[in-house]
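Comments concern the structure below.
The values are calculated or read from the model by the stated rules, or taken from the named source; none is laboratory data. Just so it is clear, the model here is predicted, and its values are computed rather than measured. Cβ placement follows ideal geometry from the backbone for every residue including glycine, while neighbour counts extend to all protein chains displayed. The accessibility values were calculated without ligands, DNA or RNA, using every heavy atom of the protein model including side chains. Shrake-Rupley method; radii C 1.70, N 1.55, O 1.52, S 1.80 Å.
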Number of protein chains: 2
Amino acid sequence: MIQSTSFLKAIQSAPDITPAEVDYVLGFFKKYSVKAKEHIVREGEICKQIAYVDTGAFCFYTLTDSGKKSVIHFAFEDWWTGDLPSFINRTPATTYWQAIENSEIIAINRTDFEKLCNTSKAFKAFYDLKTQRGYIKSLEKSALDKSESAEERYLRMMKDHPQIILRAPHYDVASYLGIAPESLSRIRNKIISSK
Amino acid sequence: MIQSTSFLKAIQSAPDITPAEVDYVLGFFKKYSVKAKEHIVREGEICKQIAYVDTGAFCFYTLTDSGKKSVIHFAFEDWWTGDLPSFINRTPATTYWQAIENSEIIAINRTDFEKLCNTSKAFKAFYDLKTQRGYIKSLEKSALDKSESAEERYLRMMKDHPQIILRAPHYDVASYLGIAPESLSRIRNKIISSK
């Protein structure tokens, strides 16, 4: 059985789940170690698992035609993550999923995920709720990214996801914000000197 | 009862829905006419309904601090739409939801939506499936928007959503692609002259 207090708490938060069903759900997951810089999935491969981040940090990115890295999002402890379009539709991933620190994930494969959704109402409800929340967050982010300046996006990231600034490389943070590393330095310096 | 063959088909596509349950679901919806340029929701208001687009077209946008319109997405016939974050969480909308043509929508309010999800398993499964699909599309779009050039984004839009080019104003299409109207003209001319 998986040993992780935070993962246990996450599963126990599923709507109307019983202690027996918690044990049943836990039985479908496996824990893996991932070394910093290691890729779990590369563009073009099928994403075979979705995972709960137990410890560590991940970056999802694409490459432009000229080979430039373009960061889409990050994932830290207590986040569910993976290339969902590839995982659900069994289509080639459009993103690279890479560890930016030595990490531990608790993962489920596609066949077991389907079996679990079909046999555990509580897990299915939990997944649907997480999906709705993820979708809502992604819609809110799209709207804000379109209306805010780079400095406003940086301040929102500081407030909502300080982990990104504390743990991700400067170049990746700039890419995530859609600005040049030099512009990120200017914004950081401006905010620090205004305090 | 709602008179719309396409809406009826949409509801009949819900997993394992019975004819009696189709009638039950239809009873919760109301049809409304919306005039071109009319807003259903403005930023800061609570989005009180989600809707099926029976006829017509809509644009979702935000305004930057300097009052510039920034288009997030469009919605046409047979799409489900609304400001989902505001609708689900009962929080102020972050987007403007505006008709770009005279349109007809088939809508459900928040209280009825909750009642319907709690009393119709088939409708809840239908909503969860639509949410998952919407989330997956939004993740795919985020990844592609980050890796593609403006011309590649335009070509993808031509392929996936030709309606946008055929029915939305030039200025709004440019805003949706995140480029200046002049750049959109250049891309269009280049594609036409290369044929």
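Listing for the model above:
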quantity: A:37, B:146, reordered so the largest accessible area comes first (probe 1.4 Å); calculated: A:37, B:146
quantity: Ranked packing of A:154-164, B:79-89, B:104-114, most packed first, by mean Cβ within 10 Å; calculated: B:79-89, B:104-114, A:154-164
quantity: Ascending list, in nanometres, of distances separating the residue B:162 label from those of the other copies (7 Å, Cα toward Cβ); calculated: 5.2
quantity: Ellipticity estimate at 222 nm from DSSP helix runs (n ≥ 4, -39,500 (n - 2.57)) divided over the protein assembly as shown, nearest 500; calculated: -15000 deg cm²/dmol
quantity: Surface accessible to a 1.4 Å probe, residue A:9 within the full protein complex, Å²; calculated: 140 Å²
quantity: Per-selection metrics, chain B (Cα): Rg and Dmax in Å; calculated: 18.0, 56
quantity: Under 12 Å from residue A:30, Cα to Cα: aspartates and glutamates that are on another chain or at least 8 residues apart; calculated: A:54, A:104, A:112
quantity: Top of A:56, A:67, A:27 by mean-square fluctuation, Gaussian network on chain A, Cα under 10 Å; calculated: A:67
quantity: Chain A: relative contact order as a whole-number percent, Cα under 8 Å and 6+ apart; calculated: 23 percent
quantity: For residues of B:144-150, the mean tally of beta carbons on other chains within 10 Å; calculated: 6
quantity: Relative contact order of region A:1-113, pairs being alpha-carbon contacts under 8 Å that are 6 or more residues apart, as %; calculated: 37 percent
quantity: Nearest-0.05 FRET efficiency for residue B:156 and residue B:186, computed from C-beta distance (R0 22 Å); calculated: 0.80
quantity: Distances in nm from residue A:121 to the matching label points in the other copies, shortest first (labels 7 Å along Cα to Cβ); calculated: 0.7
quantity: Inter-part distance where region A:54-82 and region B:82-129 are each reduced to a Cα centre, Å; calculated: 31 Å
quantity: Gyration tensor (alpha-carbon) shape descriptor, region B:44-115, a/c threshold 1.5; calculated: oblate
quantity: Which listed pairs, of B:9/B:48; A:130/B:146; A:35/A:159; A:146/B:159; A:37/A:137; A:9/A:195, have C-alpha distances above 30 Å, in listed order; calculated: A:9/A:195
quantity: Apportionment of accessible area to carbon and sulfur, region A:84-195, percent (1.4 Å); calculated: 55 percent
quantity: Heavy atoms of residue A:65: accessible area, 1.4 Å probe, square angstrom to 10; calculated: 130 Å²
quantity: Buried solvent-accessible surface, both chains (B, A), 1.4 Å probe, Å² to nearest 100; calculated: 2600 Å²
quantity: Partner aspartates and glutamates for residue B:115 [C-alpha distance under 20 Å; skip if fewer than 8 residues away on the same chain]; calculated: A:16, A:128, B:16, B:21, B:23, B:83, B:128
quantity: Three-way shape call for region A:86-128 based on the alpha-carbon gyration tensor, with the a/c threshold at 1.5; calculated: oblate
quantity: 7 Å along Cα→Cβ, label-point gaps from residue B:64 to other copies, nm, shortest first; calculated: 1.9
quantity: In Å², nearest 10: area of residue B:40 left accessible to a 1.4 Å probe; calculated: 40 Å²
quantity: Per residue, in Å², the accessible surface of chain B once ligands and nucleic acids are set aside, probe 1.4 Å; calculated: 51 Å²
quantity: Candidate residues B:32, B:96, B:52: accessible-area rank, largest first, probe 1.4 Å; calculated: B:32, B:96, B:52
quantity: Tensor-based shape of the protein assembly as shown (alpha-carbon gyration tensor, a/c under 1.5 rounded, otherwise prolate or oblate); calculated: oblate
